[in-house]
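Asker: What follows is a single structure, and I will ask about it in a moment.
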Amino acid sequence: MINKIAVFPGSFDPITIGHEAIVKRALSLFDEIIIAVGANALKKSYYSLETRKAMISKVFKDEPRVKIDHYEGLTVDYCVKHGAKYILRGLRTSADFEFERAIAQVNKAMESDVESVFLLAVPEHTPVNSTIIRDIIRSGGDASRFVPASISLKDYKGGED
Ligand code: ADP
């Protein structure tokens, strides 16, 4: 049997309940999901790459079908290298759709064998995004309800990159 492998690329700065839900739902569609943290040297992150990966690893420590990795360069190149025929993305709003449409169409033009698959966020996750969570953390607020229950933000130091 051919394994259906999907890559879920993103910044995950930090991982949110929105990301977690998309991955959990996608496990019924794919045999394996690689959460691939984009290591973009030009894009400054709040949490270091190691910290972001550590958080994600903790969230999915009991799910052997979820792998955690990082990458530089093109997402489609990463997919080909890892035998993944699907790119998983989440959609919250029409703004997400327009952004994702362009990326997916360009990815398709570059690598026609890789399909982008979108899952619509559940309504309660529509306003959840990493930028707002980082703002809450920077301002000393409690962002715990927006991150997966299995991680505690106080265990991770940010703002150093
Ligand atoms: P990027 O930096 O590529 O936007 P993110 O880490 O912000 O990466 O998000 C990765 C993926 O998860 C994207 O497809 C994004 O649309 C999706 N996503 C982010 N937040 C949510 C959410 N609350 N519900 C569903 N999908 C989400």
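The values are calculated or read from the model by the stated rules, or taken from the named source; none is laboratory data. Remember, predicted model here, so these are calculated numbers, not experimental data. Cβ: placed from backbone, ideal geometry, glycine included. Neighbour counts: every protein chain shown. For accessibility, only protein heavy atoms count, side chains too; no ligands or nucleic acids. Shrake-Rupley method; radii C 1.70, N 1.55, O 1.52, S 1.80 Å.
Asker: Which of the residues spanning the stretch 30-58 are under 20 Å from Ile103 (Cβ atoms) and either outside any loop (DSSP other than H, G, I, E, B) or more than 10 Å from the ligand (Cβ to nearest atom) (or both)?
Answerer: Hits for the stretch 30-58 are Phe30, Ile33, Ile34, Ile35, Ala36, Val37, Gly38, Ala39, Ala41, Leu42.
Asker: Only one of these is open to solvent by less than 90 Å² (accessible area, probe 1.4 Å) and touching a Cys at 6+ places or on another chain (Cβ under 6 Å): Val128, Val122, Val147, Val114. Name it.
Answerer: Residue meeting the stated conditions: Val114.
Asker: A further question follows. Is the stretch 122-133 home to any residue that is under 17 Å from the mean Cα position of the chain (by Cα) and either of a type in the set (Gly, Ala, Ser) or within 24 Å of Asn3 (Cβ to Cβ) (or both)?
Answerer: Within the stretch 122-133 (the criterion being under 17 Å from the mean Cα position of the chain (by Cα) and either of a type in the set (Gly, Ala, Ser) or within 24 Å of Asn3 (Cβ to Cβ) (or both)), the answer is yes, since at least one residue qualifies.
Asker: Moving on to the next point. Looking at Gly90, Gly83 in this structure, which one is at pLDDT 95 or above and either charged (D, E, K, R) or under 14 Å from the mean Cα position of the chain (by Cα) (or both)?
Answerer: The match here is Gly90.
Asker: So is Lys67 more than 9 Å from the ligand (Cβ to nearest atom), assigned to a strand (DSSP E or B) and at pLDDT 95 or above or not?
Answerer: Considered against the rule, which asks whether it is more than 9 Å from the ligand (Cβ to nearest atom), assigned to a strand (DSSP E or B) and at pLDDT 95 or above, Lys67 comes out as yes.
Asker: Six or more apart or on different chains, Cβ under 6 Å: which pairs go from a residue in the stretch 11-23 that's touching a residue at least 60 places away in the same chain (Cβ under 8 Å) to one that's in a loop (DSSP other than H, G, I, E, B) and of a type in the set (S, T, N, Q)? Could you list them?
Answerer: Hits for this filter: Asp13/Ser45.
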